[in-house]
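Heads up: the structure comes next, in structure tokens.
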Amino acid sequence: NLKIILTSRLNYLNVKDPSLEGTLVVKLDELDDEQIKVYVEKFERFYPDNLLVKRINEILVSDELRHIKELLQQAVLIYFIALSNIDIDKSDSKSIIYSKIFDSLAKRSWDNNGQLSYIKSDLREDPKKYSKFLRQYIRSIAFEVYQSPHLHISIKRLNELQSTKHFINKCFNQDVLDDPEVIKNISKYLLISFYFQQSSKNPDEDTAIEFFHNSLWEFLTAEYIWEELKSILLNEDEDGDLKQI
């Protein structure tokens, strides 16, 4: 009858909840400076010109970059920041860092050898536009996952979403729309590559995916809500005044 909860986020738990009575709650510690250095040194062996490698000593000691260091203290986020090879500026907020990570990973998925061989020819020359469409799409999936009781989404449900249809219509050739298997493969390729992992929590036989890390999911969910509210609240009438809601 032993119950153990491992978490790096004690603020998510109501330790006074009766259901936690008799439960051992163990906090997973953050990476310390030495562990961050060791991680970056190992990363440097494979990517000696990486931007994080070049800035790590400054980030660890600078007060102006303290918020960046907080991100590096999470093992998954230091992986994403190192992998995305983003330029880090002291004026960058955490949200800007997330945006830079997303844009970098979107460019990495710009792969003619993968499922993106189906992409529309006009978008091949405009990766920024593609990145915008992809971000809108993944934000909508984040919100869909947020509403799910199990915090994952099945590939079947993913293919049913209007946002999936809109994304494919904007980005892919018409012949793709006539082949459900191609759509399924594109979805898995784009998502699992960088943002998602296959979930083992789905009781049904259908494949399900969940966000690779909660912080990415939470950020994109909040961004979705923010963008939706802006589209509702910042509509102007014919005189250029904000419409009353």
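Taking a probe of 1.4 angstrom, what is the accessible area of Lys129 in Å², to the nearest 10?
90 Å²
Excluding same-chain residues fewer than 8 positions from Lys128, which aspartates and glutamates have a Cα within less than 16 Å of its Cα?
Result set, ordered by chain and number: Asp103, Asp111.
Using per-residue counts of other Cβ atoms within 10 Å, averaged over each peptide, order 159-172, 231-244, 73-86 from highest down.
Details: 159-172: 15.9, 231-244: 8.4, 73-86: 18.7.
Top to bottom by mean Cβ count within 10 Å: 73-86, 159-172, 231-244.
Determine which residues of the range 54-71 fall in the zone a paramagnetic label at Gln35 would reach in this model, i.e. backbone nitrogen under 16 Å from the point 7 Å along Cα→Cβ.
69-71
Of all DSSP beta bridges located in the chain, what percent are antiparallel, nearest 5?
Values: 8 of 13 bridges.
Beta bridges within the chain, antiparallel portion: roughly 60 percent.
State which entries of Lys69/Lys132; Lys37/Lys100; Lys42/Lys69; Lys27/Lys90 exceed 20 angstrom in Cα-Cα distance in the structure shown. The partial results should precede the final answer.
Numbers: Lys69/Lys132 28 Å; Lys37/Lys100 22 Å; Lys42/Lys69 18 Å; Lys27/Lys90 30 Å.
Distance filter (> 20 Å) returns Lys69/Lys132; Lys37/Lys100; Lys27/Lys90.
What value, in deg cm²/dmol to 500, does the helix sum -39500 (n - 2.57) over DSSP H runs of n ≥ 4 give at 222 nm once divided by the residues of the chain?
Numbers: 12 runs with 137 residues, N = 245.
Calculated at 222 nm, the ellipticity per residue is -17000 deg cm²/dmol.
Give me the one-decimal nm value for the distance between modelled label points at Gln174 and Tyr146, 7 Å along each residue's Cα-to-Cβ direction.
Computed distance between label sites Gln174 and Tyr146 equals 3.6 nm.
Could you name the lysines in cross-link range of Lys156, using Cα to Cα under 17 Å and dropping any fewer than eight places away on the same chain?
Candidates past the 8-residue exclusion: Lys165, Lys184, Lys188, Lys201.
The values are calculated or read from the model by the stated rules, or taken from the named source; none is laboratory data. Everything numeric in this text was worked out from a predicted model, so none of it was measured. Methodologically, a virtual Cβ is constructed for each residue, glycine included, from the backbone with ideal geometry; neighbour enumeration extends over all protein chains shown. What goes into the accessible areas is simple: the full protein's heavy atoms, side chains included, and nothing from ligands, DNA or RNA. Shrake-Rupley method; radii C 1.70, N 1.55, O 1.52, S 1.80 Å.
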